[in-house]
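Asker: To start, I am sharing the structure in question, which I have written as structure tokens.
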Amino acid sequence: MNRIFLFLLGCTPFILVGQSTVSIKTYYPDTDKIKEAYAVLAEEETIKHGDYVYYFINKKIRLSGQYHMNEKDGEWAHYNDLGEIRTVEYYDKGKKTGIWLDFME
């Protein structure tokens, strides 16, 4: 029994290797400043899957989180233009979950 468990545990990294992704960046018009940076599925480049970051024009992070098959997943944080956290939200494959935190000024 223990050998089977150890074998399965050893195989887990290969099972967890998911879809391959491609990094996408969009820019503010007429600048070299990144507006968004995110990952999409290599086979279907319209499906966000992986890290997502949205920036203010001053290059500070405005929003960060992760997508799982085009749905928000895990912790998402909103920041003000000084880089301070405003709110934290939690998702489970697109569904709101957990306690959401609001750090209003």
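Asker: Order the peptides 78-85, 48-55, 93-100 from the highest to the lowest mean number of other Cβ atoms within 10 Å of their residues. Let's see the in-between values first.
Answerer: Details: 78-85: 13.0, 48-55: 18.0, 93-100: 11.1.
With the highest mean Cβ count within 10 Å placed first, the list reads 48-55, 78-85, 93-100.
Asker: Per residue of the stretch 24-31, what does 6.51 cos²θ - 1.76 cosθ + 1.60 with θ = phi - 60° give for ³J(HN,Hα)? Whole Hz please, x for Gly and Pro, Karplus curve as stated.
Answerer: Values, residue by residue: 10, 10, 10, 10, 5, x, 6, 9 Hz.
Asker: Return the subset of 60/96; 25/48; 72/96; 25/95 for which the Cα-Cα distance in this structure is over 19 Å, preserving the input order. Don't jump to the answer; show the numbers that get you there.
Answerer: Values: 60/96 26 Å; 25/48 12 Å; 72/96 9 Å; 25/95 26 Å.
Correct reply: 60/96; 25/95.
Asker: Taking amide H positions as placed in the peptide plane 1.01 Å from N, state which residues far from residue 97 in sequence (5 or more) or on other chains have amide H under 5 Å from it.
Answerer: Amide H to amide H, under 5 Å and 5 or more residues apart or across chains, residue 97 pairs with 90, 91, 92.
Asker: Convert each backbone phi in the stretch 37-51 into a coupling constant with the Karplus relation 6.51 cos²θ - 1.76 cosθ + 1.60 (shift: θ = phi - 60°), then list the ³J(HN,Hα) values in order as whole Hz, x for Gly and Pro.
Answerer: Couplings: 9, 7, 10, 10, 5, 4, 7, 9, 6, 9, 9, 6, 7, x, 4 Hz.
Asker: Another one. Name the residues whose placed amide hydrogens come within less than 5 Å of the amide hydrogen of residue 68, ignoring near sequence neighbours (fewer than 5 apart) on the same chain.
Answerer: 50, 73
Asker: Rounded, prolate or oblate: which one fits the stretch 45-105, using the alpha carbon gyration tensor with axes a ≥ b ≥ c (rounded when a/c is under 1.5, else prolate when a/b beats b/c, else oblate)? Please list the in-between numbers first.
Answerer: Values: a/c = 3.87, a/b = 1.27, b/c = 3.06.
The shape class here is oblate.
Asker: Follow-up question, since we're still on this one. Once fully extended, how much extra length lies between residue 84 and residue 34, figured as 0.36 nm per residue of separation less the alpha-carbon to alpha-carbon distance? Kindly include the intermediate steps, with their values, before the conclusion.
Answerer: Details: separation 50, 0.36 × 50 = 18.00 nm, distance 1.91 nm.
Residue separation times 0.36 nm, minus the Cα-Cα distance, leaves 16.1 nm.
Asker: Still on this model: Quickly work out the residue 25-to-residue 101 label distance, labels modelled 7 Å from Cα along the C-beta direction, and quote it in nm with one decimal.
Answerer: For residue 101 paired with residue 25, the spin-label model returns 3.0 nm.
Rule-based calculations on the coordinates, nothing more; no lab input. Keep in mind the model is a prediction, meaning the values are calculated, not measured. Neighbour counts run over all protein chains shown; Cβ positions are idealised from the backbone, glycine included.
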